[in-house]
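Engineer: Structure incoming, see below.
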Amino acid sequence: MPTIVSIKNLTKTYANGFKALDDVSLDIEKGEILALLGPNGAGKTTLISIICGLVKATGGSVTVGGFDIEKNYRKSREMIGLVPQELTVESFEPVVSTMRFSRGLFGKSPNPALLDDILKKLSLWDKKDARIMTLSGGMKRRVMIAKALSHEPMVLFLDEPTAGVDVALRKDMWAMVRALRDNGVTVILTTHYIDEAEEMADRIGVIDKGKLLLVEDKATLIRRLGKKELHAELAVAAPDPLPEALREFNLKFDESRMNLAYSYDASAHRTGIARLMTALSAAGLAMKDISTRQSSLEEIFVALVQGEAA
């Protein structure tokens, strides 16, 4: 797929000397969902703010749809929709009016049918004439998304879009995000709900202390850095210490020593599982039950940030 957002050697150092971004380079493809993960203060919001023209970079360059965000600000900005973390909506305006105003700001001609469709997909149709001040926090979040979509952006930034919202809204949002992706819109989201990133994203980017640690296809990342564990329930408790033949497997036991866990590389030519089974049988440790478990994206993320993943 062609690149729609290209970030080259981007840096941002604030007046107090804090380096929020440190030589970040990233190409984002048209029609993908990219999840940016990182702890608080990692640089996620700064990166989004620079791309959207809200913060000026110290160095480097960014293009959106081939347009430089500084030299061609208007052209690049009209391709972008932004849903920030903060609830920034006009309290006294009706929902549909603020959408019309937002669309007009980008020079788009009126399109009531489009706005109606967005309202219905975000479950805002029955609130379209309500003043925003009368809405709940979750509904206000929906209005912000509706505003961001009103001018038909090709790139949509969602900065912690589901923070503090209910399960129903999260499901509505992700259904719309998938539909947007299917229609060629590129979606970049930051989230603290790593299970959402695992479910939604095509690629995962991990950022920490202003540095982009990696950007990789989600399935590839989980396969490459994820660990697999074999879990077995024994018929009798394992002796302590273990027989010599079992010590090489670095097994982990619970307090009862009736349940063990064995970590292995699923992509390796030899996982060691067959040898482990033979060694357990030879030691008289019959198994009642066996299962395997793959590392979650959250576990991989924590390991990366803590510097444990290779």
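The values are calculated or read from the model by the stated rules, or taken from the named source; none is laboratory data. All values reported here derive from a predicted model rather than from experimental measurement. Note: ideal-geometry Cβ built from the backbone for every residue, glycine included; neighbour counts use all protein chains shown.
Engineer: Regarding region 141-148, can at least one residue be identified that is out of contact with any strand residue (DSSP E or B) (no Cβ under 7 Å at 6 or more places or on another chain), within 26 Å of LYS44 (Cβ to Cβ) and in a loop (DSSP other than H, G, I, E, B)?
Structural biologist: no
Engineer: Could you list, in sequence order, all residues of region 65-119 that are surrounded by fewer than 18 Cβ atoms within 10 Å (Cβ to Cβ) and of a type in the set (S, T, N, Q)?
Structural biologist: ASN72, GLN85, THR88, SER91, SER97, SER109, ASN111
Engineer: Ok, one more. Any residue in region 157-164 that is assigned to a helix (DSSP H, G or I), buried (at least 19 other Cβ atoms within 10 Å of the Cβ), in contact with a Leu (Cβ under 7 Å, 6 or more places away or on another chain) and not hydroxyl-bearing (Ser, Thr, Tyr)?
Structural biologist: No - not one qualifying residue is present in region 157-164.
Engineer: Would you check which residues across region 120-133 are surrounded by 14 or more Cβ atoms within 10 Å (Cβ to Cβ) and charged (D, E, K, R) and list them?
Structural biologist: LYS121, LYS127, LYS128, ARG131 - these are the residues of region 120-133 that are surrounded by 14 or more Cβ atoms within 10 Å (Cβ to Cβ) and charged (D, E, K, R).
Engineer: Does any residue in region 33-45 that is touching a residue at least 60 places away in the same chain (Cβ under 8 Å) and within 14 Å of PHE157 (Cα to Cα) come within less than 8 Å, Cβ to Cβ, of a residue that is basic (Lys, Arg) and part of a strand (DSSP E or B) six or more places away or on a different chain, and which pairs are these?
Structural biologist: ILE33/ARG203; LEU34/ARG203; ALA35/ARG203
Engineer: Hey, another quick one. What's the number of the condition SER281 fails, among (1) outside the structural domain of SER49 (by TED's automatic domain parsing); (2) part of a helix (DSSP H, G or I); (3) surrounded by 15 or more Cβ atoms within 10 Å (Cβ to Cβ)?
Structural biologist: If we test SER281 against (1) outside the structural domain of SER49 (by TED's automatic domain parsing); (2) part of a helix (DSSP H, G or I); (3) surrounded by 15 or more Cβ atoms within 10 Å (Cβ to Cβ), just (3) comes out false.
Engineer: Can you spot a residue in region 81-103 that is in contact with a Phe, Trp or Tyr (Cβ under 6 Å, 6 or more places away or on another chain), at pLDDT 90 or above and assigned to a loop (DSSP other than H, G, I, E, B)?
Structural biologist: No, region 81-103 contains no residue that is in contact with a Phe, Trp or Tyr (Cβ under 6 Å, 6 or more places away or on another chain), at pLDDT 90 or above and assigned to a loop (DSSP other than H, G, I, E, B).
Engineer: Give THR186, THR190 a once-over and let me know the one that is under 12 Å from the mean Cα position of the chain (by Cα) and polar (S, T, N, Q).
Structural biologist: Of THR186, THR190, the one residue that is under 12 Å from the mean Cα position of the chain (by Cα) and polar (S, T, N, Q) is THR190.
Engineer: Would you call VAL96 among the hydrophobic types (A, V, I, L, M, F, W, C), within 23 Å of ARG74 (Cα to Cα) and out of contact with any strand residue (DSSP E or B) (no Cβ under 9 Å at 6 or more places or on another chain)?
Structural biologist: In short, no.
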